[in-house]
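Report on the following structure.
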């Protein structure tokens, strides 16, 4: 398959366009905006009104709820609008696009209370295995969520509906609620700014909730050397094939969306079988390869963190990189510093982080020590980055400290940036003493904001902690090596059976331009999430215990700057659906050896059945208590016979509930 030709002249815009499926650019001046507004009102009287499905031979349940020029009854009016818009846009489209010509021009107007554009992809106007057609969308008034701006599913271009036309059933047509509620990025666009979008991207536009007229322009363009086509499907004539028709400019001037096109040359007949995607199928396809063969490691586009392009590509594809970072003398200094501290925050979990210490002096000292050691090394590796949190991460010896698969909190708007953890063990680590394990590429599948506090704020993995453990790949590391991983990456840690505490240190990093954020689940508000704009001073003061106490008291961190509020709406997967989703990732396979060892440690067979009656033992109750309460609870812990299987016993509502986000700073 040939590599598709480039779309945009600017390499940075081209990279962003390939990753997201769209770019936003300055486009019209204030004077040009007013000229085009006047042209719209001066010519609207010549409109013949919208074509409908009432007077043609094609039965359709589709309804167009907004006005745009393409379906006007008067071809001469359409030509006049085409000439007005192409003339006004020619200078900027020539500067921006790599050899494109216009084929369709629209004024799009939405009145108050109407104009919803259903979730869709634009029709295919070229053979998209070879070319990309684009829409240049320019609002003539400020466009936002109130007056129904465009909303995109980032990275969805060239993933769905390769053969798209008005009569062809769409494989994700039944998933509107799931996709619209969970995957859209609103294009908040000033009047005169332009959004250049791939016509194959999944997008949506809600009703206009404002009293004003929302007026915008769409110009559809194709490569100069690309033949224009139209996909036609007639179920009655041949339900097993789609015809690719040859078209020209007159085809679009006279086209009727509900009328079967006749008299156009069939370039080829394409085998077709109607398909309906499940939501899991949608997620797999969204994270999967493009149908045009262009390599796209990530469906999100953000400024690179690594100076080395090969490292950046690996980080985007796998979600992590491993490298040598600290010298042995620096490792010793960090260990010595840790042992010099008063660790009064340590509970009975077998796992703890220095951020949980109640002493601000202690926490600030750790921040300063880790930053001063890590940053000079990272300056050589990373570009335009900043640090925001730091902590020692300790796993005591014992079986109670197993950390199931999870994702860390969201620290930035992950539609625009990424955050990562630089995790450095201060001793050699492997599966026997609590090394980290990862599911490579999982950061590209489960991309939903993660909120505090834990365990109160449910995550997408809350029901699947041990569904995913069999797919974890343990990363053996030498003291001083660094695992730099995207905080969306699913990661875990087996128990430390070495008899010696495992000491590691980590810091949080993100792009310098990123606004730091904190996502908090509002207590008693039906999974309502508030998003706070924060800075580096937030993290030493607000650990998970602090956020948990606020939540249990029905409070919010009111002194913070709340910039957004929304209702959390996470998909729910069965165990089989989650396994199917994860195993769709290239190279992910079941870690049989790890699961056999874990089963042996906990006296279970690999299938989860006990090898022998489980001995009596103390129940582990995970709660946030004061040191005095912890000692009382330990002295009075009930004794019981645990007859559950391994996978029932170690589930999120038990150990995982408190531990999982303590890794999340």
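The values are calculated or read from the model by the stated rules, or taken from the named source; none is laboratory data. For clarity, every value in this text was computed on a predicted model and none was experimentally measured. Cβ atoms come from the backbone with ideal geometry, glycine included; neighbour counts cover every protein chain shown.
When you scan region 142-163, how many residues do you find that are touching a strand residue (DSSP E or B) at 6+ places or on another chain (Cβ under 6 Å) and part of a loop (DSSP other than H, G, I, E, B)? Before the answer, list the steps.
In the first step, residues of region 142-163 are kept if they are touching a strand residue (DSSP E or B) at 6+ places or on another chain (Cβ under 6 Å); the result is 143, 145, 147-152, 154, 157, 163.
In the following step, the residues that additionally are part of a loop (DSSP other than H, G, I, E, B) were identified as 145, 147-149, 154, 157, 163.
Count: 7.
Determine whether residue 89 is at pLDDT 95 or above, part of a loop (DSSP other than H, G, I, E, B) and buried (at least 19 other Cβ atoms within 10 Å of the Cβ). Talk me through it step by step, then tell me what you get.
Details: at pLDDT 95 or above: yes; part of a loop (DSSP other than H, G, I, E, B): no; buried (at least 19 other Cβ atoms within 10 Å of the Cβ): yes.
Considered against the rule, which asks whether it is at pLDDT 95 or above, part of a loop (DSSP other than H, G, I, E, B) and buried (at least 19 other Cβ atoms within 10 Å of the Cβ), residue 89 comes out as no.
Tell me, which residue of region 181-203 that is farther than 17 Å from residue 142 by Cβ and modelled with pLDDT under 95 is surrounded by the fewest Cβ atoms within 10 Å (Cβ to Cβ)? Reasoning before the result, please.
Taking region 181-203 and keeping what is farther than 17 Å from residue 142 by Cβ, we get 181-185, 196-203.
So of that shortlist, the ones also modelled with pLDDT under 95 come out as 181-185.
On the way: 181: 13, 182: 17, 183: 22, 184: 21, 185: 18.
Ranking the candidates gives 181 first.
Residues that are surrounded by fewer than 15 Cβ atoms within 10 Å (Cβ to Cβ): which strands (runs of 3 or more DSSP E) entirely in region 495-592 hold 3 or more of them? Spell out how you get there, then give the answer.
Numbers: elements: 502-511, 517-521, 528-533, 561-567.
Result: 561-567.
Tell me, which residue of region 315-341 that is more than 35 Å from the chain's Cα centre (by Cα) and not in a helix (DSSP H, G or I) is surrounded by the most Cβ atoms within 10 Å (Cβ to Cβ)?
Result: 341.
What's the total number of residues in region 387-415 that are out of contact with any helix residue (DSSP H, G or I) (no Cβ under 7 Å at 6 or more places or on another chain), surrounded by fewer than 24 Cβ atoms within 10 Å (Cβ to Cβ) and not in a loop (DSSP other than H, G, I, E, B)?
The number of residues fulfilling the criteria is 2.
Quick check, is residue 628 part of a helix (DSSP H, G or I) and either out of contact with any strand residue (DSSP E or B) (no Cβ under 6 Å at 6 or more places or on another chain) or modelled with pLDDT under 85 (or both)?
yes
For region 53-70: of the residues being over 30 Å from residue 6 (Cα atoms) and modelled with pLDDT of 50 or more, which is surrounded by the fewest Cβ atoms within 10 Å (Cβ to Cβ)? Step through it out loud before you land on a result.
Here is the first cut: in region 53-70, the ones over 30 Å from residue 6 (Cα atoms) are 53-67.
Now drop any that are not modelled with pLDDT of 50 or more, which leaves 66-67.
Numbers: 66: 18, 67: 20.
The selected residue is 66.
When you check residue 334 against the structure, is it modelled with pLDDT of 95 or more and touching a helix residue (DSSP H, G or I) at 6+ places or on another chain (Cβ under 8 Å), yes or no?
yes
Among the residues of region 593-604, count how many are loosely packed, with under 15 Cβ neighbours inside 10 Å and in contact with a helix residue (DSSP H, G or I) (Cβ under 9 Å, 6 or more places away or on another chain).
Let us first name the residues in region 593-604 that are loosely packed, with under 15 Cβ neighbours inside 10 Å, namely 593, 596, 600-601, 603.
Now narrow it down to the ones that are in contact with a helix residue (DSSP H, G or I) (Cβ under 9 Å, 6 or more places away or on another chain): 603.
Residues that pass the stated criteria total 1.
Out of the residues in region 475-493 meeting the condition of being in a loop (DSSP other than H, G, I, E, B) and more than 27 Å from the chain's Cα centre (by Cα), tell me which one is farthest from residue 328 (Cα to Cα).
476
Scan the strands (runs of 3 or more DSSP E) fully inside region 172-232 and keep the ones with 3 or more residues being in contact (Cβ under 8 Å) with a residue 60 or more places away in the chain and closer than 30 Å to residue 265 by Cα.
Values: elements: 184-186, 193-198, 203-205, 214-223, 229-232.
Filter on region 172-232 gives 214-223, 229-232.
Within region 451-469, is even one residue at pLDDT 90 or above, in contact with a strand residue (DSSP E or B) (Cβ under 8 Å, 6 or more places away or on another chain), more than 24 Å from residue 153 (Cβ to Cβ) and surrounded by fewer than 20 Cβ atoms within 10 Å (Cβ to Cβ)?
Checked against the condition, which is being at pLDDT 90 or above, in contact with a strand residue (DSSP E or B) (Cβ under 8 Å, 6 or more places away or on another chain), more than 24 Å from residue 153 (Cβ to Cβ) and surrounded by fewer than 20 Cβ atoms within 10 Å (Cβ to Cβ), region 451-469 yields no hits at all.
Determine whether residue 83 is modelled with pLDDT of 95 or more and over 33 Å from the mean Cα position of the chain (by Cα). Let's see the steps before the verdict.
Values: modelled with pLDDT of 95 or more: yes; over 33 Å from the mean Cα position of the chain (by Cα): yes.
It is true that residue 83 is modelled with pLDDT of 95 or more and over 33 Å from the mean Cα position of the chain (by Cα).
So which residues in region 126-140 are touching a helix residue (DSSP H, G or I) at 6+ places or on another chain (Cβ under 8 Å) and either part of a loop (DSSP other than H, G, I, E, B) or free of Cβ contacts under 8 Å to residues at least 40 places away in the same chain (or both), if there are any at all?
140
Please go through region 421-449 and pick out each residue that is within 14 Å of residue 410 (Cβ to Cβ), buried (at least 23 other Cβ atoms within 10 Å of the Cβ) and touching a strand residue (DSSP E or B) at 6+ places or on another chain (Cβ under 9 Å).
421, 443
Among the residues of region 363-384, which ones are buried (at least 20 other Cβ atoms within 10 Å of the Cβ) and either out of contact with any helix residue (DSSP H, G or I) (no Cβ under 7 Å at 6 or more places or on another chain) or closer than 14 Å to residue 308 by Cβ (or both)?
370, 374, 382
Among the residues of region 571-603, how many are closer than 13 Å to residue 279 by Cβ and touching a residue at least 40 places away in the same chain (Cβ under 8 Å)?
Within region 571-603, the subset closer than 13 Å to residue 279 by Cβ is 571-574, 577-578, 580-581.
The next check asks that each one be touching a residue at least 40 places away in the same chain (Cβ under 8 Å); those that pass are 571-573, 577-578, 580-581.
Selection size over region 571-603: 7.
Do you know which residues across region 309-324 are touching a helix residue (DSSP H, G or I) at 6+ places or on another chain (Cβ under 9 Å) and over 18 Å from residue 387 (Cα atoms)?
From region 309-324, those touching a helix residue (DSSP H, G or I) at 6+ places or on another chain (Cβ under 9 Å) are 316-321, 323; that's our starting set.
Correct list: 316, 317, 318, 319, 323.
Quick check: anything in region 97-109 in contact with a strand residue (DSSP E or B) (Cβ under 9 Å, 6 or more places away or on another chain), outside any loop (DSSP other than H, G, I, E, B) and either modelled with pLDDT under 90 or within 23 Å of residue 176 (Cα to Cα) (or both)? Let's see the steps before the verdict.
We begin by selecting, within region 97-109, every residue in contact with a strand residue (DSSP E or B) (Cβ under 9 Å, 6 or more places away or on another chain); these are 97-109.
Imposing the further condition that a residue be outside any loop (DSSP other than H, G, I, E, B) reduces the set to 97, 100-109.
From what is left, the residues that are either modelled with pLDDT under 90 or within 23 Å of residue 176 (Cα to Cα) (or both) are 108-109.
Yes, the conditions are met somewhere in region 97-109.
Out of curiosity, is residue 276 within 19 Å of residue 160 (Cα to Cα), surrounded by fewer than 17 Cβ atoms within 10 Å (Cβ to Cβ) and touching a helix residue (DSSP H, G or I) at 6+ places or on another chain (Cβ under 7 Å)?
Numbers: within 19 Å of residue 160 (Cα to Cα): yes; surrounded by fewer than 17 Cβ atoms within 10 Å (Cβ to Cβ): yes; touching a helix residue (DSSP H, G or I) at 6+ places or on another chain (Cβ under 7 Å): yes.
The answer is yes for residue 276.
Considering each of 28, 36 in turn, give the residue that is buried (at least 17 other Cβ atoms within 10 Å of the Cβ), part of a helix (DSSP H, G or I) and modelled with pLDDT of 95 or more. Spell out how you get there, then give the answer.
Working: 28 fails: part of a helix (DSSP H, G or I).
Matching residue, one of 28, 36: 36.
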